[in-house]
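Enquirer: Let me begin by handing over the structure; questions about it come next.
The values are calculated or read from the model by the stated rules, or taken from the named source; none is laboratory data. This one's a predicted model, so the numbers in the text were calculated from it and none came from an experiment. Note that each Cβ is placed from the backbone with ideal geometry, even for glycine, and that neighbours are counted across all protein chains shown.
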Amino acid sequence: MNTEKKPKYTVLILGAGELGIQVLRAMSSKVQEHTDVKISVLLRSEAAHAVSGSRKTRLDELMRLGVTVVEGDLQENSVDELSALFAAFDAVINCSGFVSGPGTQIKITRAVLKAAVARYFPWQFGVDYDVVGKGSGQQVWDEQLDVRHLLRQQNATEWVIVSTGIFTSYLFEPGFGVIDAQSKTVCALGDWQYAITLTTPEDIGQLTADIFFHQPTLRNEIVYIAGDTLTYSELADLMHAHWGTDVNKKLLDGQQLQDDMQRNPQDVGANYRLAFARPDGVAWSKSNTYNHRKGIATITASQWLAKQHGV
């Protein structure tokens with residue numbers, strides 16, 4: 001007689017990239033306490049059957065974590081095909097990112113709703129799209145707002161949005177164009193008093209798992225988290241301390257950012273610089289966050305920098 005107990009609660013994580021792997025690690029750790037929860041991950045066929053390299057290393061880790069691999073393709077599969085996959089799960093946490101191209105987040109959300117998944121964490125690990133609204137200069141942000149509208153127009157699937165700001169590392173990417181380590185330059189987007197919120201993928205993973213298992217259950221709400229929130233003026237001071245030398249401060253005003261984007265419409269950094277040059281929606285006080293209220297320590301920009309080489 002088969003006495004194996006069926007897992008009561010099944011969770012599917014979409015993607016195992018920079019954020020997905022952190023969410024998988026944190027969720028798997030939580031399963032030690034919540035033994036009735038079973039974690040699976042959706043991977044493309046070539047990633048699910050990798051025999052060498054970084055993909056194989058990742059598969060080995062997933063096996064150690066006790067994560068079941070499900071095959072699917074968020075880009076190639078239709079809404080109906082994805083819906084059929086999702087229907088087997090009680091909850092879906094979407095860590096797929098923007099790499100799949102325009103329209104993918106709407107497609108995934110439609111598939112989740114069609115499958116009547118009980119609980120959904122959409123790929124909204126970013127800014128406050130409600131405040132930003134449409135026409136930010138960043139087209140993928142418009143789609144993120146459409147995802148929110150879809151979720152709010154129904155009541156069969158409960159949802160939680162985790163607002164994180166940008167990944168901490170992105171602020172320091174040369175392609176973003178805010179920090180230039182070579183010339184020791186810090187650029188302010190729009191105004192020196194405008195701010196930016198940032199969180200590391202490790203912290204997002206841990207906090208997403210905490211929020212997922214929070215009691216009483218969080219439903220149909222936006223939860224704000226932050227590793228750090230800095231004005232561009234504070235960022236210049238931070239880099240002055242980090243570099244131990246004078247900083248070249250350069251203000252990029254709205255007109256200049258608009259001109260840059262029109263000259264290079266395909267430049268992702270130019271699009272993002274324009275989108276972030278605003279007084280609201282892209283930053284929130286750390287004192288108003290879930291992690292602050294719960295007394296959970298997160299990695300600040302200063303702590304992150306201290307561990308880097310070449311920034």
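Enquirer: Taking Leu251 as the residue in question, decide whether it is outside any loop (DSSP other than H, G, I, E, B), of a type outside the set (Val, Ile, Thr), touching an Asp or Glu at 6+ places or on another chain (Cβ under 7 Å) and at pLDDT 95 or above.
Expert: no
Yes/no matrix, rows are residues, columns are (1) touching a residue at least 24 places away in the same chain (Cβ under 8 Å); (2) out of contact with any helix residue (DSSP H, G or I) (no Cβ under 7 Å at 6 or more places or on another chain):
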{"position": "Val23", "(1), (2)": "yes, no"}
{"position": "Ser28", "(1), (2)": "yes, no"}
{"position": "Val31", "(1), (2)": "yes, yes"}
{"position": "Ser52", "(1), (2)": "no, yes"}
{"position": "Leu65", "(1), (2)": "yes, no"}
{"position": "Asp80", "(1), (2)": "yes, yes"}
{"position": "Ser83", "(1), (2)": "yes, no"}
{"position": "Cys95", "(1), (2)": "yes, no"}
{"position": "Thr109", "(1), (2)": "yes, no"}
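Enquirer: Where in the stretch 1-109 are there helices (runs of 4 or more DSSP H), lying fully within it, with 2 or more residues that are of a type in the set (Gly, Ala, Ser) and surrounded by 14 or more Cβ atoms within 10 Å (Cβ to Cβ)?
Expert: 20-30, 45-48, 79-86
Enquirer: Inspect the stretch 190-201 for any residue being within 20 Å of Leu19 (Cβ to Cβ) and not β-branched (Val, Ile, Thr) and give the result as yes or no.
Expert: yes
Enquirer: Now a separate question. Which one is surrounded by the fewest Cβ atoms within 10 Å (Cβ to Cβ), of the residues in the stretch 293-305 that are under 26 Å from His240 (Cβ atoms) and in contact (Cβ under 8 Å) with a residue 60 or more places away in the chain?
Expert: Of everything passing the filter in the stretch 293-305, Ser302 is surrounded by the fewest Cβ atoms within 10 Å (Cβ to Cβ).
Enquirer: If His214 satisfies every condition in (1) surrounded by 17 or more Cβ atoms within 10 Å (Cβ to Cβ); (2) over 26 Å from Trp304 (Cα atoms); (3) without any contact (Cβ under 8 Å) to a residue 60 or more places away in the chain but one, which is the exception?
Expert: Going through the list (1) surrounded by 17 or more Cβ atoms within 10 Å (Cβ to Cβ); (2) over 26 Å from Trp304 (Cα atoms); (3) without any contact (Cβ under 8 Å) to a residue 60 or more places away in the chain, His214 breaks only (1).
Enquirer: So, of the residues in the stretch 223-248 that are in contact with a helix residue (DSSP H, G or I) (Cβ under 8 Å, 6 or more places away or on another chain) and in a strand (DSSP E or B), which turns out to be surrounded by the most Cβ atoms within 10 Å (Cβ to Cβ)?
Expert: This residue is Asp228.
Enquirer: Oh, and also: Within the group Leu189, Leu252, Leu198, which residue is surrounded by 14 or more Cβ atoms within 10 Å (Cβ to Cβ) and within 16 Å of the chain's Cα centre (by Cα)?
Expert: Leu198
Enquirer: Residues being surrounded by 12 or more Cβ atoms within 10 Å (Cβ to Cβ), in a helix (DSSP H, G or I) and not β-branched (Val, Ile, Thr): count how many of those fall in the stretch 257-268.
Expert: 5
Enquirer: Which residue is nearest to the chain's Cα centre (by Cα), if the candidates are limited to the stretch 269-280 and must be under 19 Å from Leu145 (Cβ atoms) and surrounded by fewer than 19 Cβ atoms within 10 Å (Cβ to Cβ)?
Expert: Asp280
Enquirer: Would you be able to tell me the number of residues in the stretch 110-143 that are within 24 Å of Ile21 (Cα to Cα), surrounded by fewer than 22 Cβ atoms within 10 Å (Cβ to Cβ) and touching a Gly at 6+ places or on another chain (Cβ under 6 Å)?
Expert: Counting residues in the stretch 110-143 that are within 24 Å of Ile21 (Cα to Cα), surrounded by fewer than 22 Cβ atoms within 10 Å (Cβ to Cβ) and touching a Gly at 6+ places or on another chain (Cβ under 6 Å) gives 1.
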